[in-house]
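Structure first, commentary second.
The values are calculated or read from the model by the stated rules, or taken from the named source; none is laboratory data. On a predicted model such as this, the values are computed, not experimentally measured, just so you know. Glycine also receives a Cβ, built like all others from the backbone with ideal geometry; neighbour counts cover every protein chain displayed.
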Amino acid sequence: MKTRYALFLILAAITAAAVNSYSGARLEDKISITSPRALFTSYAFITIAKFDSINTERMIPLKQFVWHHLDRTLSESYKKEIREVYDSLENRMFEYNAAVLAVLCTEPPEITLDMKRITAYCEETGKDPAKLLSCFDSMKGLPGVLTEFYVKARIPFLWEQVQPWYEQAITIYQKKVFSMTRDALHYVKYSEAELCEKLNDIVIIPHLIGRRGNAFGPTWLGVKYDIHTPWSRVSYSPHEFIHNMIEAETRSGIYDHAIIPLVNTIWDSSTTASARKYYPDKIAFFDECLVRTLDHVVTEGYHTSSQQSKVARMLVSQSKRGYVLCPAMHKALGLYEASGKTFSEYFPEYLKTLSEILTSTTRSKKTAFKYSTSTAVP
């Protein structure tokens with residue numbers, strides 16, 4: 001174990017030296033940490049539309065605070081109107097699309113699509129604004145609804161009241177974002193320069209009243225957004241950045257012929273919970289399992305046996321939620337760490353190792369089942 005750790009430290013140092021020698025943009029130049037009022041307004045609207053007093057017992061304190069303010073402030077007739085609007089818009093992707101729409105809007109008091117910024121981006125890239133915004137066709141009226149809600153719900157007053165929560169969250173993020181993102185870069189041996197070159201700007205958003213434990217990282221108008229709602233306490237992980245670091249392997253199509261058979265071995269056992277609901281595509285499912293595995297390894301640590309044991313336990317929990325590839329993916333990382341290669345270079349070998357682990361696991365389960373049935377008492 002000590003030899004493995006020492007080898008990894010040497011490799012990390014070499015990677016860090018290569019990163020530090022880069023004279024272009026740095027992460028510090030790219031990243032801003034902020035809390036847009038348009039996004040807060042959008043999810044305050046969702047909070048009062050979606051939840052009633054029974055639900056508040058399961059909310060984190062800040063969300064409870066927001067709900068109670070809105071419930072006291074708004075008339076019953078207006079709350080009914082809000083719920084009717086929400087019911088007409090709600091679908092599997094509504095909350096995600098509402099968040100993306102909010103970051104493309106101007107800040108209150110008048111919440112509207114920032115067409116000046118959108119048009120400038122489309123002129124620069126040659127993209128069609130109408131086509132770019134077509135995914136929001138069913139939500140065209142939402143910015144106007146939010147503008148009215150902003151006034152009636154007394155959001156300026158509420159925003160002032162919640163600022164201590166957001167200021168604390170931003171402080172926590174400032175302490176973690178750069179170090180943890182660099183830890184992820186070092187682990188997969190992906191250059192900071194390449195990440196900076198890929199993304200025009202990076203906006204980190206502590207999203208404190210979203211769906212608990214939810215994170216998403218859309219890239220819009222050349223900006224990478226990392227929008228994260230904590231569980232019971234504010235924390236940060238480089239999950240969304242890891243997607244960017246490995247997508248050339250998982251999403252390129254080059255390895256689909258190897259990835260899909262791997263997923264097929266466990267596909268029937270991943271039908272429950274959130275995994276298949278949000279990742280019905282096999283490549284997307286594989287990508288998400290791998291990102292969750294790498295995220296836990298980087299966030300919790302991989303230097304000691306106790307850290308690795310903790311990660312293993314956490315990934316078993318992920319497996320129970322339907323991300324059943326995670327434990328095998330974690331096991332397969334041992335040879336990668338000792339390889340000296342970048343994760344991109346090692347990826348074909350990683351798939352081979354993962355296949356061997358999954359085949360061995362499947363064979364063991366079948367043998368255990370055969371033994372248990374053959375010796376059962378009638």
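Looking at residue 9 and the list (1) of a type outside the set (D, E, K, R); (2) at pLDDT 80 or above; (3) over 24 Å from the mean Cα position of the chain (by Cα), which single condition is not satisfied? Just one mismatch for residue 9, condition (2). As a summary of the residue check, residue 97 satisfies the conditions (1) surrounded by 13 or more Cβ atoms within 10 Å (Cβ to Cβ); (2) in contact with a Phe, Trp or Tyr (Cβ under 7 Å, 6 or more places away or on another chain); (3) modelled with pLDDT of 95 or more; (4) farther than 13 Å from residue 209 by Cβ except for the one numbered (3).
Out of 347, 343, report the one residue that is of a type in the set (A, V, I, L, M, F, W, C), out of contact with any Lys or Arg (no Cβ under 8 Å at 6 or more places or on another chain), under 20 Å from residue 258 (Cα atoms) and at pLDDT 95 or above. Please lay out each step first, then the result.
Values: 343 fails: out of contact with any Lys or Arg (no Cβ under 8 Å at 6 or more places or on another chain).
347 is the lone residue from the list that is of a type in the set (A, V, I, L, M, F, W, C), out of contact with any Lys or Arg (no Cβ under 8 Å at 6 or more places or on another chain), under 20 Å from residue 258 (Cα atoms) and at pLDDT 95 or above.
Here residue 203 fulfils each of the conditions (1) within 14 Å of the chain's Cα centre (by Cα); (2) among the hydrophobic types (A, V, I, L, M, F, W, C); (3) assigned to a helix (DSSP H, G or I) apart from (3).
Quick one: residue 98 ticks every box in (1) within 18 Å of residue 227 (Cβ to Cβ); (2) over 24 Å from the mean Cα position of the chain (by Cα) bar one, so which box is it? Only one criterion in (1) within 18 Å of residue 227 (Cβ to Cβ); (2) over 24 Å from the mean Cα position of the chain (by Cα) is unmet by residue 98, namely (2).
From the list 73, 171, 112, 125, the lone residue that is closer than 23 Å to residue 53 by Cα, surrounded by fewer than 17 Cβ atoms within 10 Å (Cβ to Cβ) and of a type in the set (Val, Ile, Thr) is 73.
Look through region 260-301, keep the residues that are at pLDDT below 85 and part of a loop (DSSP other than H, G, I, E, B), and return whichever of them is nearest to residue 360 (Cα to Cα).
Taking region 260-301 as the starting set, the residues that turn out to be at pLDDT below 85 are 268-278.
Checking which are part of a loop (DSSP other than H, G, I, E, B) leaves us with 270-272.
Working: 270: 18, 271: 22, 272: 23 Å.
It comes out as 270.
Across region 174-200, the qualifying residues are those that are surrounded by 16 or more Cβ atoms within 10 Å (Cβ to Cβ) and among the acidic types (Asp, Glu), and the one among them that is modelled with the highest pLDDT is 183. Scanning region 29-70 for residues that are among the hydrophobic types (A, V, I, L, M, F, W, C), touching a residue at least 60 places away in the same chain (Cβ under 8 Å) and in a helix (DSSP H, G or I) gives 38, 39, 40, 44, 45, 48, 62, 65, 66, 70. Among the residues that make up region 227-237, is at least one of them out of contact with any strand residue (DSSP E or B) (no Cβ under 9 Å at 6 or more places or on another chain), closer than 21 Å to residue 275 by Cβ and not in a loop (DSSP other than H, G, I, E, B)? No.
Residue by residue through region 344-358, note down the ones that are of a type in the set (Gly, Ala, Ser) and over 22 Å from residue 191 (Cα atoms).
So the first thing to find is which residues in region 344-358 are of a type in the set (Gly, Ala, Ser), and the list is 344, 355.
Selection gives 355 alone.
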